[in-house]
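Undergrad: Handing you a structure now.
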Amino acid sequence: MADAEIPKPYREKMARSRLEEDERESTGQPWMLTGTEAKLLGIAGVGFFLDAYDLFIINPVTTMLQYRLYGGGHLPANLEGFVKAGANIGSVIGQFGFGYAADALGRKKVYGKELMLIIFATVMTLTTPTGQLTPDHALIYLGIWRIILGIGVGGDYPMSASVTSDRANIRKRGTMLTYIFSMQGWGSFMGSLMTIIVLAIYRHTIETDGHISKVDGVWRIVVGLSLIPAFGTLYQRLTLGESKRYEASKKLVDHEHAVGASATSSDDEDLKLKDLQKVTEAKDGKDVGEKRDSVGQEEEDVAPELLVKKPAHFKDFYRHFRQWRNAKMLIGTSLSWFLLDIAFYGINLNQNVVLQQIGFDGKTGTEWNRLFKVSTGNMIITALGFVPGYYATLFTIEILGRKKIQLMGFLMAALFLGILAGMFHRLSKAEFIVCFALLQFFFNFGANTTTYCYPAEVFPTRYKAFAHGISAASGKVGAIISALAFNTLSKSIGTPNILWIFFGCCLLGACTTLLLPEVKGRDPDVILAQQIAEERAERIRRTGRSRE
């Protein structure tokens, strides 16, 4: 929205206060961080590193449990799907719950609690009694704690996104969010690396002495290592102050009830003109509003940030998103994330199919060699596609914009999924690796990154965390569907046909992206302020006509 479209009083006040935590114009490229920005990214980014580590470590863990619980045989398909989907099932709950709480209670009161839950669930995961329970019951026990772990992991999505975007300079907002999300690649990479290192330590015990049951210790150590970054980040999260945006909302809530609430209540048919003329005083070191006889006079004295910063509640959220102009953006962020995660997690939670194609499925050699090959293959996949894709987005997101990157990512991912599906059994090992690496690259130089950034940038602050949580939860529903259905469908219709389904999801994802505006340089709080002003003006006109 051009500044010229914003009413002059609002535009002047926004020039004085753009609602960012630190709106100083920074020099250099957007990806060059100040000390404050680096500290913020350390707090939010390390947490996301941990989230990815916990989500993707389940692949090598389930491979090791084959040897510990089933003598090297496959896990039962339904239980394998449950364990792999567990964290994503919990994530849906955490994204809804923590997202709503962050808007309703404030970021400071909630931030860090999700990490405490992750730590607790990780510790309980380590207590899985593989020697005391039957193999099936041990997997069920592990899956339950993975669900609880997922609640904390899911909560970190809206929390870290909101905490970061609340404080970010608009010019660097997308870059800051991409920095955080890029830690997913490093989390996955380090999970595979740690597995390789711990397996190397156990090599003599497992391979020479023949104690294959010792893999039970390997997976517990690998999972337990995630507690190091968790404890390292916990204190900073619990002591992080509230953002200036949200702090202003708490001080001005009474003012907003008198001015903003009546302005946005479109279904109160008995609203009187005098209700719009009431303005209460709000203290923030000085008076920011006074009672006026003229509504128009009062509007000129109330900056947009006073109208958009009240803590959100569900009725207010519904009232905002029942308007199509707002609803279509929530539909767009939710559907695009849902469709992306069907394909993305369908492949990345079932990498055994890919590893088989590139010769790292661990089908030959000693038990130790098989485990080592699988872990090495996982690390190769991450290094080839995950990390480079994230950094391609990082350096271009403020140049190309989010919409172009997301559209391109969906279409290019569809292209390579189509090649893999159509030539699955004819590609050579080298051709398959190249094609799969490019697929992963365009997942991450594309929709996997932008679907995380979009909800944190397109929605106003008062609805941001909950809307982000809904969007992220929609994605995790897609991931759950893939995790639970992949193994069964691959046996009934074959892997190539599943890849064709993923191909279709990517094309549909490109279509849903068309519902979204470009958010580069866009301030959603300014746009919300204009919507409020327009609604109040329309209310006054209708009330005036009815009085006549």
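Read the figures in this text as sums done on the coordinates, not as results from a lab. The structure displayed is predicted, hence computed values, not measured ones. Backbone-built Cβ (ideal geometry, glycine too); neighbour counts: all protein chains shown.
Undergrad: Shape of region 138-244 from its Cα gyration tensor (a ≥ b ≥ c, root eigenvalues): rounded if a/c is under 1.5, otherwise prolate when a/b > b/c, or oblate?
TA: Prolate.
Undergrad: So what J values fall out for region 500-505 if you push phi through Karplus, 6.51 cos²θ - 1.76 cosθ + 1.60 with θ = phi - 60°, rounded to Hz, Gly and Pro as x?
TA: Result, rounded to whole Hz: 5, 4, 4, 4, x, 4.
Undergrad: Give me the distance between the Cα centres of region 87-154 and region 471-496, rounded to whole Å.
TA: That distance is 21 Å.
Undergrad: Going through the cross-link list 403/464; 244/328; 84/429; 109/464; 214/491; 84/403, which pairs have a Cα-Cα distance over 21 Å in this structure?
TA: Checking Cα-Cα distances, 244/328; 84/429; 214/491; 84/403 exceed 21 Å.
Undergrad: Tell me whether region 371-456 comes out rounded, prolate or oblate; compute the Cα gyration tensor, take square roots of the eigenvalues as a ≥ b ≥ c, and use a/c under 1.5 as the rounded threshold.
TA: Numbers: a/c = 2.73, a/b = 1.58, b/c = 1.73.
Oblate, because a/c is 1.5 or more while a/b does not exceed b/c.
Undergrad: Could I ask something else about it? In nm², what is the average projected area of the convex hull enclosing the Cα atoms of region 428-527?
TA: 7.9 nm²
Undergrad: Would region 103-145 count as rounded, prolate or oblate if I go by the C-alpha gyration tensor, calling it rounded below 1.5 in a/c and otherwise prolate when a/b exceeds b/c, oblate otherwise?
TA: Prolate is the answer for region 103-145, as a/c is 1.5 or above and a/b outweighs b/c.
Undergrad: Let me ask another. Full extension from residue 489 to residue 507: what is 0.36 nm times the residue separation minus their Cα-Cα distance, to one decimal in nm?
TA: 4.4 nm
Undergrad: OK, next. Would you mind calculating the gained length between residue 391 and residue 208 on full extension (0.36 nm times residue separation, minus the Cα-Cα distance), in nm to one decimal?
TA: Working: separation 183, 0.36 × 183 = 65.88 nm, distance 4.18 nm.
Stretched out fully, the residue 391 to residue 208 stretch lengthens by 61.7 nm.
Undergrad: In what sequence, highest mean first, do 455-463, 431-439, 320-328 appear when ranked by Cβ atoms within 10 angstrom?
TA: Highest-to-lowest ranking by the protection proxy: 455-463, 431-439, 320-328.
Undergrad: Let me ask something else about it. Along the Cα→Cβ direction, 7 angstrom out, place labels at residue 227 and residue 537. What is the inter-label distance in nm?
TA: Using points 7 Å along Cα→Cβ, the separation is 6.0 nm.
Undergrad: Using the per-residue mean of other Cβ atoms lying within 10 Å as a proxy for protection, in what order, highest first, do the peptides 228-236, 118-126 fall?
TA: 118-126, 228-236
Undergrad: How would you rank 197-203, 186-192, highest first, on the average number of other Cβ atoms within 10 Å across their residues?
TA: Numbers: 197-203: 16.3, 186-192: 23.9.
Those peptides, ordered most packed to least, come out 186-192, 197-203.
Undergrad: How far apart, in nm, are two points set 7 Å out from the Cα along the Cα-to-Cβ line at residue 328 and at residue 518?
TA: The modelled label-to-label distance comes out at 1.7 nm.
Undergrad: Something else about it: What are the ³J(HN,Hα) couplings of region 433-446, residue after residue, when phi is run through the Karplus curve with 6.51, -1.76, 1.60 and θ = phi - 60°? Round to Hz, x for glycine and proline.
TA: Each residue's phi maps through the Karplus curve to give 4, 4, 5, 5, 4, 5, 4, 5, 4, 7, 4, 8, 8, x Hz.
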